[in-house]
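To keep things clear, I will list the structure first and then write my remarks on it.
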Amino acid sequence: MSLIAAAKVKKGDFSLKGNNLIVLILTIGVFGILNTEMGFIGILPDIADRFGVSVSKAGWLVSIFAIGVAISGPTMPLLLSGLNRKKVMVLVLSIFVAGNIISIFTSSFTVLMIARIIPALFHPVYVSLALSVAANSVSAQDAPKAISKVFIGVSAGMVVGVPIASFMASTFNLQIALSFFALVYIIVLLATVWFIPSIPVKEGISYGSQLRVLKKSLTWLSILVALLINAAIFGVYSYLAEYLQSVTNLSGNLTSFILLIYGAANIIGNVLAGRLLTSNPVRTIFFVPALLGALYALLFFTGQFTFLSAILILFWGILAGLGANITQYVVTAAATEAPDFANGLFLSSVNIGTTIGTAAGGVFIATLGTPYVLLAGIIAALLSLVFIVLRNHTLNTAAQLPGG
């Protein structure tokens, strides 16, 4: 996920070199948000056991968060854009602290769902502010590299959050795992109050004027590409813990280790993405989902073998890191005249993709069994290739027009 700036900050007001402490606090804050969003993936089997629901129903805790982000992505950052940035951060972090504390103590699955959806609505506000620092610190040409560095912090949420949550739940209990999420937010909230200075808004945003990008077919094709790539990744990854335990027959601790491998590989993918999207974006955008679909096909036939599965999941993590950057790149590149709104559309599209992918994966599990969750990823990857070809055709056509 990446949002360059929904709350617009003038270039020069912040810099990565001059505000290292602010950047560190914001990065940890994004790490915390990713813990809350993605960490539930590693504990879905434990949630299903505690609340007496199926794993596919528990998967809606991932989907409902994504739905909240999708709804609020283009709108919430703009609604709060006139407020002091520090006050907004304190507000958002306080909401996440409250939501996580409720999750620890509730015995109702419905209450747990509500405690997920409310913080999700404020997710884009914090993420947009944190990532705007990187986007404004470099030239437009180097933006992919800067964004890829921020994605490393996002990946850390999966590297540490998902496997640690899974480990804590399997070693201790679910409440301890949920307490880890809350602790991160409390630390970031206190650091924000104590160390981040007042950040008044210097410049407003006109939301209505940015809606014109929706008239372009390129924008919609790019949204579909981002949506389907994310669906291909998270339609399977959302159930990776369940897959490893029921298909590969791994213990809880080994499952946590494999999730750690995936997350570490995701960071490698983010490092590669900045270089590949700068040097050859067209080939990168096409080959990543193509390779992802092929990898799922291989895993379908080798998922019962621990070593082969671990190797494939390593490469899957790299492709997923590349895919995260690609989804941000295709949407923002299609609407360069409205970067704020384009990034809101990006965040909404990838979270809709997560919702659709997770729901599709749940359907395959419920109807055919856990091994067939891979079909959700294969289908989404193939569909993304179709829209990538259409997007490339639209770009080529536009380039041939006078003034293109």
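The values are calculated or read from the model by the stated rules, or taken from the named source; none is laboratory data. Predicted, not measured: the structure shown is a model, and the values here were computed from it. A quick note on method: Cβ atoms are made from the backbone with ideal geometry, for glycine too, and the neighbour counts reach across all protein chains shown. When the accessible area is computed, the model is the full protein with side chains, heavy atoms only, and any ligands, DNA or RNA have been set aside. Shrake-Rupley method; radii C 1.70, N 1.55, O 1.52, S 1.80 Å.
Scan the stretch 269-276 and give yes if some residue there is among the charged types (D, E, K, R), part of a helix (DSSP H, G or I) and open to solvent by 20 Å² or more (accessible area, probe 1.4 Å), otherwise no. I'd like the intermediate steps shown before the answer.
The first filter runs over the stretch 269-276 and keeps only residues among the charged types (D, E, K, R), leaving 275.
Checking which are part of a helix (DSSP H, G or I) leaves us with 275.
Those left that are additionally open to solvent by 20 Å² or more (accessible area, probe 1.4 Å): 275.
Within the stretch 269-276 (the criterion being among the charged types (D, E, K, R), part of a helix (DSSP H, G or I) and open to solvent by 20 Å² or more (accessible area, probe 1.4 Å)), the answer is yes, since at least one residue qualifies.
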Pairs only if they're at least six apart or on different chains, beta carbon under 7 angstrom, first in the stretch 34-63 and under 13 Å from Thr358 (Cα atoms) and touching a residue at least 24 places away in the same chain (Cβ under 8 Å), second charged (D, E, K, R) and open to solvent by 10 Å² or more (accessible area, probe 1.4 Å); list them, first residue then second.
-> Leu44/Glu242; Val55/Glu242
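In this structure, does Ile268 turn out to be more than 22 Å from Ser384 (Cα to Cα), without any contact (Cβ under 8 Å) to a residue 40 or more places away in the chain and not small (Gly, Ala, Ser)?
Details: more than 22 Å from Ser384 (Cα to Cα): yes; without any contact (Cβ under 8 Å) to a residue 40 or more places away in the chain: no; not small (Gly, Ala, Ser): yes.
The answer is no for Ile268.
Quick one: count up the residues across the stretch 294-314 that are under 22 Å from the mean Cα position of the chain (by Cα) and over 25 Å from Leu385 (Cβ atoms).
Step one: filter the stretch 294-314 for residues under 22 Å from the mean Cα position of the chain (by Cα), giving 295-296, 312-314.
Checking which are over 25 Å from Leu385 (Cβ atoms) leaves us with none.
Selection size over the stretch 294-314: 0.
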Filter the stretch 237-268 for residues that are outside any helix (DSSP H, G or I) and of a type in the set (Val, Ile, Thr); which is nearest to Pro371 (Cα to Cα)?
-> Val247
Name the one entry in Leu291, Leu308, Leu299, Leu312 that is open to solvent by less than 10 Å² (accessible area, probe 1.4 Å), in a helix (DSSP H, G or I) and of a type outside the set (S, T, N, Q).
-> Leu299
Tell me which of these Tyr237 doesn't satisfy, since it passes every other one: (1) modelled with pLDDT of 90 or more; (2) surrounded by fewer than 23 Cβ atoms within 10 Å (Cβ to Cβ); (3) among the aromatic types (Phe, Trp, Tyr).
-> (2)
What number of residues in the stretch 315-350 are buried (at least 23 other Cβ atoms within 10 Å of the Cβ) and not in a helix (DSSP H, G or I)?
-> 1
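Okay, residues lined up against (1) aliphatic (A, V, I, L, M); (2) under 18 Å from the mean Cα position of the chain (by Cα); (3) not in a helix (DSSP H, G or I):
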| site | (1), (2), (3) |
| --- | --- |
| Arg50 | no, no, no |
| Ser56 | no, no, no |
| Val62 | yes, yes, no |
| Tyr126 | no, yes, no |
Specify the residue that is surrounded by the fewest Cβ atoms within 10 Å (Cβ to Cβ); the eligible residues are those in the stretch 64-99 that are modelled with pLDDT under 80 and assigned to a helix (DSSP H, G or I).
-> Leu79
Checking Gly29 against (1) surrounded by fewer than 20 Cβ atoms within 10 Å (Cβ to Cβ); (2) at pLDDT 80 or above; (3) not hydrophobic (A, V, I, L, M, F, W, C), the condition it does not meet | (1)
Would it be correct to say that Phe315 is at pLDDT 90 or above and farther than 30 Å from Thr248 by Cα?
-> no
